Amino acid sequence: MRTLLFGKDGQVGWELQRALGPLGPLVALGRKEADFSRPRELAAVVAEQRPDVIVNAAAYTAVDKAESDEDLARLINTDAVAVLAEASRRQECWLVDYSTDYVFDGRHSTPYRETDATNPLNVYGRSKLDGEEAIRASGCKHLILRTSWVHGRHGKNFVKTMLRLGAERSELRVVADQIGAPTAADLVADVTALMLHQLATT
């Protein structure tokens, strides 16, 4: 299985390099090699690499900043993903994309299921949902994994921030109006690799 990984330098992308390696040849690209703010260039990368699987771990994830930076958020989370979906369809390869719990409105009192109605409340959530919809509309073979509160050894995240502040201060004040499911980046990577292995052997 030849895999083309985008977003190698992010939390999940970093772990995916380890997890996907045993499945076969892996080409891992970061922003320098594949700039998602220039979506049209991505199709040529896919055509050149001719992968069996595209794994997209690249994303615009600055939730608050997206409100004032909507054009860039949409370029990366929607338009670039649509280009990858179409390239995947032409290549007849699988596309794995990571979405977010922000596609929901957070009003449920119970954990969300994949089949629950979406209703994003911000630009970030809408841009990710539109990316999902572009994938489904393309007709390519795909897996969409919705993650939340990702943390890992590589990169910045909430867990690292709290550990650092806890070591520096005797008291912490944190907003307590959000409920989520912290998800380890290495777990996301391992589950992705397991799913792709099962696809390859069935």
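The values are calculated or read from the model by the stated rules, or taken from the named source; none is laboratory data. Quick caveat: nothing in here was measured; it's all calculated off a predicted structure. Cβ: placed from backbone, ideal geometry, glycine included. Neighbour counts: every protein chain shown. Only protein heavy atoms, including side chains, enter the accessible area calculation; ligands, DNA and RNA are left aside. Shrake-Rupley method; radii C 1.70, N 1.55, O 1.52, S 1.80 Å.
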Net charge near R31 (other residues with Cβ under 14 Å of its Cβ; Lys, Arg +1; Asp, Glu -1) is -1
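When the accessible area of region 1-92 is computed with all protein chains present and a 1.4 Å probe, what percentage of it is carbon and sulfur?
Details: 2110 of 4630 Å².
That fraction is 46 percent.
Given contacts defined as C-alpha pairs under 8 Å and at least six residues apart, what's the relative contact order of the chain, whole-number percent?
Values: 327 pairs, mean separation 47.7, N = 202.
Across the chain, relative contact order equals 24 percent.
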Residue-ordered couplings for region 132-139, obtained by feeding phi - 60° into the Karplus form 6.51 cos²θ - 1.76 cosθ + 1.60 and rounding to whole Hz (Gly and Pro as x), are 4, 5, 5, 4, 5, 5, 5, x
Heavy-atom accessible area per residue of the chain, all protein chains kept, 1.4 Å probe, expressed in Å², is 57 Å²
Taking Cα atoms only, helix 11-20 is inclined relative to the longest principal axis of the chain by an angle, in degrees rounded to 10, of 40 degrees
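At a 1.4 Å probe, what is the % contribution of carbon and sulfur to the accessible area of region 116-202? Write out the running numbers ahead of the final one.
Values: 3090 of 5530 Å².
In region 116-202, the share of accessible area belonging to carbon and sulfur is 56 percent.
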GNM of the chain, Cα pairs under 10 angstrom: of W14, W94, W149, the biggest fluctuation goes to W149
Amide H proximity to S99 below 5 Å, modelled H, separation 5+ or other chain, gives L145, R146, T147
For 173-179, 120-126, 154-160, ranked highest to lowest by mean beta-carbon neighbours within 10 Å, the order is 120-126, 154-160, 173-179
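Note down the net charge around A66, summing +1 for each Lys or Arg and -1 for each Asp or Glu among other residues with Cβ under 13 Å from its Cβ. Please report the intermediate quantities before stating the final value.
Details: positive: K65, R74, R126, K128; negative: D64, E67, D69, E70, D71, D130.
With Lys, Arg at +1 and Asp, Glu at -1, the neighbours total -2.
Counting Lys and Arg as +1 and Asp and Glu as -1, what is the net charge of the other residues whose Cβ lies under 15 Å from the Cβ of P22? Don't skip to the answer; put the middle values down first.
Details: positive: R2, R18; negative: E15, D52, D186, D190.
Spelling it out: positives minus negatives among the neighbours equals -2.
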The answer for A184, listing residues at least 5 apart or on another chain whose modeled amide H is closer than 5 Å to its amide H, is H151
Listed by chain and number, the lysines with an alpha carbon less than 25 angstrom from that of K156, same-chain partners under 8 positions apart left out, are K8, K32, K65, K128
